[in-house]
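Scroll down for the structure; my scribbles are underneath it.
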Amino acid sequence: MSWLEGLFLGILQGLTEFLPVSSSGHLEIAQALLRNTGSENLTFAIMVHAATVLSTLVVLWSEVSQLFKGTFTTTAWNKEKTYVAKIFVSMIPVFVIGIFFKEQVEYFFGNGLLIIGAGLVVTAGLLTFAYFAKPRQKEEISYRDAFIIGLAQAVAVIPGLSRSGSTIATGIILGNKKEQVAKFSFLMVLIPILGEALLELIDMLGTNAEIGISFGALFAGFLGAFLTGCIACKFMINLVKNGKLIYFAIYCAIVGTATIVFSLI
């Protein structure tokens, strides 16, 4: 992978991370079209996802800092501590997947487009169901809902299944407000992805293994994802909150079907 390809893929990641269209699926499709295949795809995906997580921190810093201050600057159990506790509950399923099923997850990366196309079609179905679901408009996300949303996030580690699409759709189906679910969806992924990126970096430095991708490509991808993520996050969070999910469902259905057909040709 050249640095120019890395930059292109990073920009693609930054633009698609905040929409319910599966940024990992789009990365895999683009890498297949560029004929970049192999285990380095997972390393690159982890690093550019970490870049967009950092862009989320930049854009949502006021919310993050408020949660941090509310959690660590008072001894009383307050709404910030409750919210953080729910985020930790939501992370339980993805940590279980990361610890016990990492090799199985890695199998899906760089292993063909059929799985990605199917995942996009499933994402389209979830978004459609959420769009037509009767809203109950709960006042806040419960611990139970946080865990179920976390299950959706854990399943969405498969390329093609949109993480934000799965978690937002699940939250809406459970009766939560779209605005609350969107915010929770973006915040709940911060620790898992940053943790995975840190472990990947430690593994690369500790083993000195050949990762099959140049530092220039990784850096260009990381920078491209971070910068476009900062720009896209500001505009796309409101789009996810207020936009009609059916349009994203139609897009995922079209791209997913086209990807399946292409993989079978």
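List, in order, the whole-Hz ³J(HN,Hα) value for each residue of the stretch 150-162 obtained from phi through the Karplus relation with A = 6.51, B = -1.76, C = 1.60 and θ = phi - 60°; use x for Gly and Pro.
Going residue by residue, I get x, 4, 4, 5, 5, 5, 6, 5, 6, x, x, 7, 5 Hz, with x marking Gly and Pro.
Using 0.36 nm times the number of residues separating LEU34 and THR257, minus their current alpha carbon distance, what extension gain do you get?
Contour length minus Cα-Cα distance gives 78.3 nm.
Using the Karplus equation 6.51 cos²θ - 1.76 cosθ + 1.60 (θ = phi - 60°), what ³J(HN,Hα) coupling, rounded to whole Hz, does each residue of the stretch 248-255 give in order, writing x for Gly and Pro?
With the stated coefficients, the stretch 248-255 comes to 5, 4, 4, 4, 5, 5, 5, 5 Hz.
So, R0 is 25 Å and r is the distance between the beta-carbons of ASN78 and GLN137; what FRET efficiency does that work out to, to 0.05?
Once the sixth-power term is evaluated, E becomes 0.60.
How much length would be gained if the chain were fully extended between ASN238 and LEU264, taking 0.36 nm per residue of separation minus their Cα-Cα distance, in nm to one decimal?
5.7 nm
Could you work out the local net charge near PHE68, counting Lys and Arg as +1, Asp and Glu as -1, over the other residues with Cβ closer than 15 Å to its Cβ?
Here the charged neighbours net out to +1.
Amide H neighbours of LYS138 under 5 Å, counting only residues 5+ apart in sequence or on other chains, H built in-plane at 1.01 Å?
Under 5 Å from the amide H of LYS138: ASN176, LYS177.
Output ³J(HN,Hα) for the stretch 50-57: one whole-Hz value per residue in order, computed from phi by the Karplus curve 6.51 cos²θ - 1.76 cosθ + 1.60 with θ = phi - 60°, and x for Gly and Pro.
4, 5, 6, 5, 5, 5, 4, 4
Since every read-out is calculated from the coordinates, none of them should be taken as a lab result. For clarity, every value in this text was computed on a predicted model and none was experimentally measured. Every residue, glycine as well, gets a Cβ built from its backbone with ideal geometry; the counts of neighbours run over all protein chains shown.
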